[in-house]
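Have a look at the structure below, then the notes.
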Amino acid sequence: MTLALRPALTGLPVLETERLILRAPQPSDWPAFRDYRASPRTAFTGGTKKEHEAAEQFASFFGHWIMRGHGRLIAEDRATGQPIGHFGPMQWEDHAEVELTWSLWTAEAEGRGLATEAATAMYNWAFGPLALTSARAEVHRDNAASHAIARRLGGQVTDNERPKWMPEGTVYRFTKVAA
């Protein structure tokens with residue numbers, strides 16, 4: 001039996017920046033995400049995953065939108081049309097605070113400011129149209145690039161809190177600034 005790819009979610013926001021399009025996840029993003037999850041690039045995000053574990057995580061990108069009404073968007077490089085990472089809010093537990101997430105999938109996307117560009121667009125959407133009033137980010141202690149993004153977005157370190165899944169991590173808090 002051959003499985004047919006179904007169309008991706010529809011009606012999700014599309015965020016556009018100078019160099020990126022942040023859009024709904026699509027089945028065609030799977031190979032790039034699978035390769036990312038199998039690579040050492042995941043050292044700060046739970047480590048490498050077997051293909052079935054990566055598939056479960058990729059499927060959660062779709063399901064999160066259905067369950068919560070928000071979720072991760074895929075950043076697509078305008079110049080190449082290739083997916084380069086995921087950015088967006090997630091909330092695993094019903095009453096948990098929303099977590100802002102960002103990850104670049106390829107080394108070629110690094111060092112160009114693309115992660116900051118995408119994270120800023122996602123942050124503005126989350127605290128604008130999505131109407132979040134607070135959120136958090138959980139960053140591994142050795143992930144200097146993600147710490148820099150969290151600070152650029154205005155995150156404040158909480159000294160007495162660590163992520164449940166990552167005791168060596170730092171929690172940043174974000175709150176909506178009154179206009």
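The values are calculated or read from the model by the stated rules, or taken from the named source; none is laboratory data. As the structure is a computational prediction, the values presented were derived from the model and not from experiment. Neighbour counts run over all protein chains shown; Cβ positions are idealised from the backbone, glycine included.
When each of A79, A75, A96, A32 is tested for being at negative phi, modelled with pLDDT of 90 or more, small (G, A, S) and part of a loop (DSSP other than H, G, I, E, B), the lone residue that passes is A79. For the range 112-140, a residue qualifies if it is over 20 Å from R37 (Cα atoms), of a type outside the set (A, V, I, L, M) and outside any helix (DSSP H, G or I), and the qualifying residues are R112, G113, G128, P129, T133, S134, R136.
The selection criterion, being surrounded by 18 or more Cβ atoms within 10 Å (Cβ to Cβ), hydrophobic (A, V, I, L, M, F, W, C) and within 16 Å of L73 (Cα to Cα), does not hold for A135. Here D35 fulfils each of the conditions (1) touching a residue at least 60 places away in the same chain (Cβ under 8 Å); (2) more than 18 Å from A150 (Cβ to Cβ); (3) surrounded by 15 or more Cβ atoms within 10 Å (Cβ to Cβ) apart from (3). Pairs meeting the criteria (first residue in the range 95-111 and over 24 Å from R136 (Cβ atoms), second residue among the β-branched types (V, I, T), beta carbons under 7 Å, at least 6 apart or on different chains) are T106/I84; A109/I84. Restricting attention to the range 120-132, the residues that are hydrophobic (A, V, I, L, M, F, W, C), at negative phi and either without any contact (Cβ under 8 Å) to a residue 24 or more places away in the chain or surrounded by fewer than 18 Cβ atoms within 10 Å (Cβ to Cβ) (or both) add up to 1. Anything in the range 57-92 that is free of Cβ contacts under 8 Å to residues at least 24 places away in the same chain and either under 17 Å from L153 (Cβ atoms) or of a type in the set (S, T, Y) (or both)? List them, or say none. S60, T80 - these are the residues of the range 57-92 that are free of Cβ contacts under 8 Å to residues at least 24 places away in the same chain and either under 17 Å from L153 (Cβ atoms) or of a type in the set (S, T, Y) (or both).
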